[in-house]
Every structure is written in structure tokens, then in C-alpha cells.
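The values are calculated or read from the model by the stated rules, or taken from the named source; none is laboratory data. What you see is a predicted model; the values in this text were computed from it and never measured. So basically every Cβ, Gly included, is an ideal-geometry build from the backbone, and we count neighbours across all protein chains shown. Side chains included, ligands, DNA and RNA excluded: accessible areas come from the protein's heavy atoms. Shrake-Rupley method; radii C 1.70, N 1.55, O 1.52, S 1.80 Å.
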Amino acid sequence: MSNSTVTIQRHIAAQQTLHPEATGQFTAMLWDLVLAFKMIAREVRRAGLIDILGSIGRTNVHGEKVQKLDEYAQDLIYHSMLAGGHVCCMASEERAEMIPLPRERRRGKHVLLYDPLDGSSNIDVNISIGTIFSIHKKVTPGADGALEDCLQPGTKQIAAGYVIYGSSVMLVYTTGFGVHGFTLDPTIGEFLLSHENIRMPARGKTYSINEGNSASFDPATAKYVHWIKQKDPETGRPYSLRYVGTLVADIHRTLINGGIFMYPAAPKPKLRLLYEGAPMAMIVEQAGGRATNGTQRILDIQPTDLHQKVPLIIGSPEDVEIYEEFIQGRDS
Ligand code: AHG
Ligand code: MN
Ligand code: MN
């Protein structure tokens with residue numbers, strides 16, 4: 001039984017003291033996000049009982065079928081941010097364009113980039129799904145948000161986090177001072193600190209990739225995946241394959257146990273930089289891990305489009321470094 005009495009609200013307030021320039025807006029914005037996450041968690045828990053499974057009969061900007069829960073999560077986060085008045089604009093996987101604020105709404109100094117429901121293909125089969133968020137400071141003059149406020153490199157993020165709606169609901173976030181995990185106690189409706197200062201193991205025992213694409217892997221990825229499956233007790237090989245198909249779940253396992261997750265360039269990149277790759281890269285680096293597109297650090301990539309996709313190789317530093325040796329032709 002957890003005896004933690006550190007709620008996420010208390011932790012966020014304490015994190016604010018680590019940011020001398022913080023105005024309290026940022027703290028209030030995170031509290032607003034937490035409220036939305038609790039409400040999404042409630043719907044996910046009830047999904048089997050109420051009419052919220054299935055698709056709404058349209059596809060999003062990526063040509064992916066939009067599920068009811070995607071739309072529900074999208075709307076909840078949008079309205080929670082409007083009510084709080086701490087953002088100047090938003091961008092979501094579920095909206096093609098940048099989301100401006102209605103004329104009469106109060107504007108704030110922050111930008112929210114988010115994937116309201118990650119792992120949509122797993123909603124109807126009761127496999128863990130998630131929400132991913134990335135927060136930037138407004139960089140353009142004036143009150144209204146602009147596209148440039150959204151198109152900032154991952155190094156400029158002031159916070160990043162995810163919620164995993166799994167066997168328990170966990171919120172994992174960083175504001176640049178370590179990675180901390182909170183578990184939702186549904187009996188009191190509070191996220192309580194359960195994983196303080198998460199550190200990723202230097203090396204893991206699992207690799208995570210959609211092996212169904214192996215016929216189309218680039219030669220370096222194919223060579224690495226073949227290598228990782230060879231028997232060599234000295235280097236802990238063969239690794240076990242673990243692939244959920246929900247980025248949040250695959251990254252959460254990798255964060256806690258170590259290992260490597262790959263969604264490579266071939267057959268084609270699928271994961272989006274702004275609200276999947278960059279926030280996950282900030283979290284993993286803050287926990288001592290590494291995140292690259294194969295040749296460049298994810299956090300250094302200058303975005304040019306809201307929904308641009310990026311190859312993502314992320315995980316334990318030693319595992320990712322070995323993969324990079326294969327990609328750069330330096331493998332043993
Ligand atoms: P989303 O549901 O937000 O579109 O994200 C799905 C992503 C990600 O969660 C996961 O890692 C990846 O899709 C799995 O893709 P494949 O099914 O092609 O392996
Ligand atoms: Mn996603
Ligand atoms: Mn999504």
C-alpha cells in the first residue's frame with residue numbers, strides 16, 4: 001500500500017521553485033492538464049461500458065481512422081487549456097493546423113503540443129494507451145500564438161510528459177530536473193508520487209521494433225536486428241522482443257527496464273517529432289538515456305512542419321550507441 005502523500009500538484013509546485021523565472025502560470029497549466037488526464041482516465045476505464053469505443057467514421061490529417069476516445073481526449077485537453085488561459089496556441093495530432101484561441105479567451109505565455117490519445121489501434125482491444133504532451137514558452141511577440149511558437153527544437157521544451165492508461169494509470173513528467181512518476185489512486189482521485197527520479201539502466205535486455213516491417217528495413221537496421229538476436233551471453237544477447245504498438249507503453253517499459261525502441265526510417269518514419277519524438281526524447285535524456293534519428297540527436301532537430309515525422313531510436317545509452325555504430329557503418 002503506497003504511503004506516498006506527495007500529490008502531483010504538490011510536486012509541480014515544488015518544481016516551480018527550481019525555476020526562478022516561473023510565474024505560477026506554468027504550474028497552473030500543468031494542474032489544468034492533470035485534471036484533463038484524470039477525466040480521460042475515467043473514460044478509458046469505462047470505455048467497455050459506455051459508447052466510447054470504435055471510430056467516429058473519419059480520418060485525421062495522417063489518414064488514420066479517428067477513434068471516439070481520440071476525439072474525446074482531444075476536446076477535453078483543448079477545453080481544459082481554454083479554461084485555464086495559460087496558453088497562446090496549441091497543436092495536436094488530431095488537428096491539421098495550429099489551434100488558435102477564440103478571440104475572447106485569455107492568452108498565456110505557453111504552447112501545448114500534444115498527442116491526445118497514443119496507441120489508438122489498441123483502444124478496442126484493451127491494451128495500454130496513452131497521452132503525450134510537450135510544453136514550450138511563447139517566443140513570438142504579441143499575445144496571439146503563431147506557428148513559430150510551435151516549431152521549436154526539442155531542446156527548448158520547458159516540460160514534457162506522458163500518461164499511460166494501463167494496469168494502473170501513471171503520469172511521468174520532467175521539467176528539466178529529473179523524471180518523476182505518479183500513480184493515480186482512483187479511490188481519492190489523486191496522482192501520488194510512486195517513482196521519484198527515474199533513472200534508465202545503461203543497458204537493457206529487450207529490443208522493441210515492428211518486426212512485421214523487417215522485409216523493408218534499411219540494411220543497417222536489418223543488420224542490427226539480426227545481431228541483437230544472436231546468442232552471446234557476454235553481451236546479454238539474444239535480447240527479447242517486446243512490442244506493444246503503443247509508443248507510450250513501449251517507452252515506459254524501456255524507461256523503467258532499459259533496452260532500445262526503434263521506429264526507423266524504413267519502410268518509412270511514422271512517429272511525429274513535435275508531440276511524440278521530442279517529448280519522449282526529453283524524458284529519456286533526463287533519465288540518462290539517448291534519443292536519435294540515427295544520425296542526429298532528436299532534441300536538436302529544428303522542426304519545419306507541425307506533423308513532420310522522424311525516425312526514432314531511443315532507450316538505454318549503451319544500446320542506442322551500438323545501434324548508431326551500425327547506422328554509421330562503424331559496427332564491429
Ligand atoms: P497514435 O495512435 O497516436 O497514432 O500513435 C500510434 C503510433 C505509436 O503509438 C506506436 O509506436 C506506433 O504507432 C505503432 O505503429 P505500427 O503499428 O506501424 O507498428
Ligand atoms: Mn501517438
Ligand atoms: Mn494519437
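Below is a table of values for the structure above.
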| item | result |
| --- | --- |
| Among residues of region 102-122, those that are surrounded by fewer than 20 Cβ atoms within 10 Å (Cβ to Cβ) and either away from ligand 2 (no atom under 12 Å from the Cβ) or free of Cβ contacts under 8 Å to residues at least 24 places away in the same chain (or both), counted | 7 |
| From Glu285, Glu234, residue being among the acidic types (Asp, Glu), part of a helix (DSSP H, G or I) and over 14 Å from the mean Cα position of the chain (by Cα) | Glu234 |
| The lone exception for Ile298 - which of (1) more than 22 Å from Gly178 (Cβ to Cβ); (2) in contact (Cβ under 8 Å) with a residue 40 or more places away in the chain; (3) touching a Leu at 6+ places or on another chain (Cβ under 8 Å) it fails | (1) |
| In region 123-151, the residues that are under 16 Å from the mean Cα position of the chain (by Cα) and either open to solvent by 10 Å² or more (accessible area, probe 1.4 Å) or within 16 Å of ligand 1 (Cβ to nearest atom) (or both) | Ser128, Ile129, Gly130, Thr131, Ile132, Phe133, Ser134 |
| Filtered residues of region 152-164 (kept if open to solvent by 30 Å² or more (accessible area, probe 1.4 Å) and touching a helix residue (DSSP H, G or I) at 6+ places or on another chain (Cβ under 8 Å)) | Thr155, Ile158 |
| Those residues of region 190-221 which are open to solvent by 40 Å² or more (accessible area, probe 1.4 Å), in contact with a helix residue (DSSP H, G or I) (Cβ under 8 Å, 6 or more places away or on another chain) and farther than 17 Å from Leu255 by Cα, in sequence order | Glu190, Glu211, Ser214 |
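Conditions (1) open to solvent by less than 10 Å² (accessible area, probe 1.4 Å); (2) touching a Leu at 6+ places or on another chain (Cβ under 9 Å); (3) not assigned by TED's automatic domain parsing to the domain that holds Ser168, marked per residue:
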{"residue": "Leu30", "(1), (2), (3)": "yes, no, no"}
{"residue": "Leu33", "(1), (2), (3)": "yes, yes, no"}
{"residue": "Ser55", "(1), (2), (3)": "no, no, no"}
{"residue": "Thr59", "(1), (2), (3)": "no, no, no"}
{"residue": "Met81", "(1), (2), (3)": "yes, yes, no"}
